[in-house]
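Okay, so here's the structure we're looking at.
The values are calculated or read from the model by the stated rules, or taken from the named source; none is laboratory data. Here the structure is a predicted model, which means the values were calculated and not measured. Methodologically, a virtual Cβ is constructed for each residue, glycine included, from the backbone with ideal geometry; neighbour enumeration extends over all protein chains shown.
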Amino acid sequence: MTELELIDNMEIKEKKNSKILIVDDQQKNIQVLGSLLRQKNYIIGVAMNGQQALKALIESDDYDLVLLDVNMPIMDGFETCKAIREQDNLKEIPIIFLTALVDTENIVNAFKIGGQDYLTKPFNSKELLARVNTHLELKHSRDKLKQVNTWLENKVAERTLELKIAKDKLLHLDAAKSEFLNIISHEMKTPLNGIIGILPTLNRFQLPSEVNEMLEILKTSAKRLENFSYKALDISLFNTKGKNTLSLCSVNPNELIVSNIIKYQENAEQKNITITHASEPNVTISLLDPSFMNKCFSYIIDNALKFGNIDSQVTIQTAIQNESFVVSIENEGIPFPENFSISSIQPFNTKTHVNKNPGLSLFLCKQIIEAHNGQIEIMNTQKGAIVKLILPKIDTV
């Protein structure tokens, strides 16, 4: 059964079971009204004055409508209506006045104090039944709407609780994943440092060429694992600590870029790639983490060379645009996959590999730049691709 069917099948009292309170000080009027309403299968209650009516309504919460005479002793109909409306659970019960008063002032007053309708005496039986039926139908609809609203509120509360529980579980799993990566990264470092540290010693010996080839493979694999370990550790740090991972100070980003150009010059020469750097001079960003920004520039320049064509060019440009410091790194080579978005990269997910690369470098760069309240953008060109870093808070000397 669908939710709409459940709502439609909610139990609401039918009008044949509706309970009506007749309030009149004249026994004859009560008999006439009672006989007329019972013929239509209404359940009838009786009160001879306003006090009895109020007492009956307070003691029984199942009345659906009140037929209220105006001219009564002790409490007249207007006073009774006011007293009824003062009760929180009776504010919406339909009240139809029965009155011989036909002047405009009394009619307006009847509506003003909370009456829904009125009939003048002597009344027409068909008109009375039609008025009663209309107001019971309206009450029936209001009751159903309230029940639907309550049902919906309960459903929203249930779903909200389910979402909170699911969110808490995800946060717990994310924290566990980060802790696992942290442990794995630390555990990998010790044996890797041992392997990488001993390899230069082995190179001192005169070994067969086959052994030297295997040592080169071992060296390459160990370095790859080491890079993965450090990146995984940094990603887990940003996942758990966010911006608190950073240690901010005043930095000239151009100096970091130049040091990385020097660092990768040999790699560039191996593919005969020319690196050009057009910089905005005398720029200092007062809120940067030099270690992580150095890693960010290093990863992007490294990728530009890895995916650059032989005999091509990597162009690095820095500029101040709208009070932001913009670094643009462009290469001539393999572009990003079609419809690729940096926001879609999920670390350690094979479905988001970039050109058979797990995308850890770009994801970590995204974390670093966003932690600095910046943005990272990627785009393809006719010859290759561009990665653009946008950092805020610029001071120029």
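Does Lys189 meet the test of being farther than 19 Å from Thr240 by Cα, modelled with pLDDT under 75, surrounded by 12 or more Cβ atoms within 10 Å (Cβ to Cβ) and assigned by TED's automatic domain parsing to the domain that holds Asp234?
Taking the combined requirement at face value, the residue satisfies it.
Only one of (1) in contact with an Asp or Glu (Cβ under 6 Å, 6 or more places away or on another chain); (2) outside any strand (DSSP E or B) fails for Thr315. Which number is that?
(2)
Answer yes or no: is there a residue in the stretch 354-362 that is out of contact with any strand residue (DSSP E or B) (no Cβ under 7 Å at 6 or more places or on another chain), at pLDDT below 95, closer than 17 Å to Lys388 by Cβ and surrounded by 13 or more Cβ atoms within 10 Å (Cβ to Cβ).
Yes, the stretch 354-362 contains a residue that is out of contact with any strand residue (DSSP E or B) (no Cβ under 7 Å at 6 or more places or on another chain), at pLDDT below 95, closer than 17 Å to Lys388 by Cβ and surrounded by 13 or more Cβ atoms within 10 Å (Cβ to Cβ).
If we keep just the residues of the stretch 61-110 that are surrounded by 20 or more Cβ atoms within 10 Å (Cβ to Cβ) and of a type in the set (D, E, K, R), which is nearest to Ser125 (Cα to Cα)?
If we take residues in the stretch 61-110 being surrounded by 20 or more Cβ atoms within 10 Å (Cβ to Cβ) and of a type in the set (D, E, K, R), then Asp69 is nearest to Ser125 (Cα to Cα).
Looking only at the stretch 319-334, filter to residues that are buried (at least 19 other Cβ atoms within 10 Å of the Cβ) and charged (D, E, K, R); which one of those is nearest to Cys296 (Cα to Cα)?
Out of the qualifying residues, it is Glu330.
Which residue is nearest to Gly359 (Cα to Cα), if the candidates are limited to the stretch 252-292 and must be in contact with a helix residue (DSSP H, G or I) (Cβ under 6 Å, 6 or more places away or on another chain) and in a helix (DSSP H, G or I)?
Phe292
Return the residues of the stretch 218-258 that are closer than 23 Å to Pro281 by Cβ and either in contact (Cβ under 8 Å) with a residue 12 or more places away in the chain or in contact with a strand residue (DSSP E or B) (Cβ under 7 Å, 6 or more places away or on another chain) (or both); say none if nothing qualifies.
First pass over the stretch 218-258, keeping only residues closer than 23 Å to Pro281 by Cβ: 248-258.
Passing the criteria: Leu248, Cys249, Ser250, Val251, Asn252, Pro253, Asn254, Leu256, Ile257, Val258.
Does any residue of the stretch 275-288 turn out to be of a type outside the set (Asp, Glu), in contact (Cβ under 8 Å) with a residue 24 or more places away in the chain and farther than 20 Å from Ser324 by Cα?
Looking through the stretch 275-288, at least one residue is of a type outside the set (Asp, Glu), in contact (Cβ under 8 Å) with a residue 24 or more places away in the chain and farther than 20 Å from Ser324 by Cα.
Working only within the stretch 105-121, note down all residues that are part of a helix (DSSP H, G or I) and not aliphatic (A, V, I, L, M).
Once the filter is applied, which keeps residues that are part of a helix (DSSP H, G or I) and not aliphatic (A, V, I, L, M), the stretch 105-121 yields Glu105, Asn106, Asn109, Phe111, Lys112.
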